[in-house]
Amino acid sequence: MKIIQIMFLMLVSITSFAQKKIEINFKIENDSTIIHYLKAKKVDFSNDQIATLKGIGTFAEFSKTGRLVVPDAFFFNSKGELIKNKGKGMYCGAELKKLEKISKMKSDPGQTLENFLKEITILDGSTITDENVDMYIFITWGKFLSAESETSLNWFSNLANQENLKIKVLLLNLDIQENWNLTENQKEYLGITE
């Protein structure tokens, strides 16, 4: 019952962040469908640059804390601390053009990359920590918000050409995953038909 309440909060939060009315049709995805989608969109990536949420509980927690947003990005400095950018300018991509400035912004030592990595799974199973990285960036996207994800994919592609800082960029997929093994009640609640 608690998961149903959390899922309801998730659906409410998604619609409250939208600037226009968006119809969400959840489908169950897996590594293959995600890779196929990115290749069809001509995104240049490697499997160590793609991540998904760990489970339905993490999906619900992202929703509850306002992190289930597309497009969006999470920035962590070289110490692995979340940079407090408060989302200023994210929706126009302004943050991504000022990476050097962002890397010097205040961070929150209580919100760490280490904890964030406990909530996600990297497609190839690798770890991303590297002592020579100036900044870690996670860009959110989802097939269930395909139009909004175009911006995310553009941000990702543009960052590949960035040369001022040593960065590690990952695309964080927010779709519901097959390996979460949802119950029939959870699928029905989310409106997922197979």
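The values are calculated or read from the model by the stated rules, or taken from the named source; none is laboratory data. Everything numeric here is computed off the predicted structure, so don't read it as measured data. Glycine gets a Cβ as well: all are built from the backbone with ideal geometry, and neighbour counts include every protein chain shown. Surface areas here come from the heavy atoms of the whole protein model, side chains and all, with no ligands, DNA or RNA. Shrake-Rupley method; radii C 1.70, N 1.55, O 1.52, S 1.80 Å.
Label positions at ALA160 and GLU184, each projected 7 Å from the Cα along the C-beta direction, are separated by 4.4 nm. In the context of the full protein assembly, SER146 retains an accessible surface of approximately 40 Å², using a probe radius of 1.4 Å and ignoring ligands and nucleic acids.
The alpha-carbon of LYS118 sits under 18 angstrom from the alpha-carbons of these aspartates and glutamates, leaving out residues fewer than 8 places away in its chain: ASP48, GLU61, GLU81, ASP108, ASP130, ASP175. The length gained on full extension between LYS27 and ASP108, counted as 0.36 nm times the residue separation minus their Cα-Cα distance, comes to 25.7 nm. Label sites at LYS118 and GLU131, each approximated as a point 7 angstrom past Cα along Cα to Cβ, lie 2.5 nm apart. Accessible surface of THR52, taken over heavy atoms with a 1.4 Å probe and every protein chain present, rounds to 10 Å².
Rolling a 1.4 Å probe over the protein heavy atoms leaves ILE167 with an accessible area of roughly 40 Å². Greater than 21 Å separation of Cα atoms is the criterion. Which listed pairs, LYS42/LYS166; LYS54/LYS143; LYS79/LYS168; LYS64/LYS84; LYS41/LYS64, meet it? In this structure, LYS42/LYS166; LYS41/LYS64 exceed 21 Å between Cα atoms.
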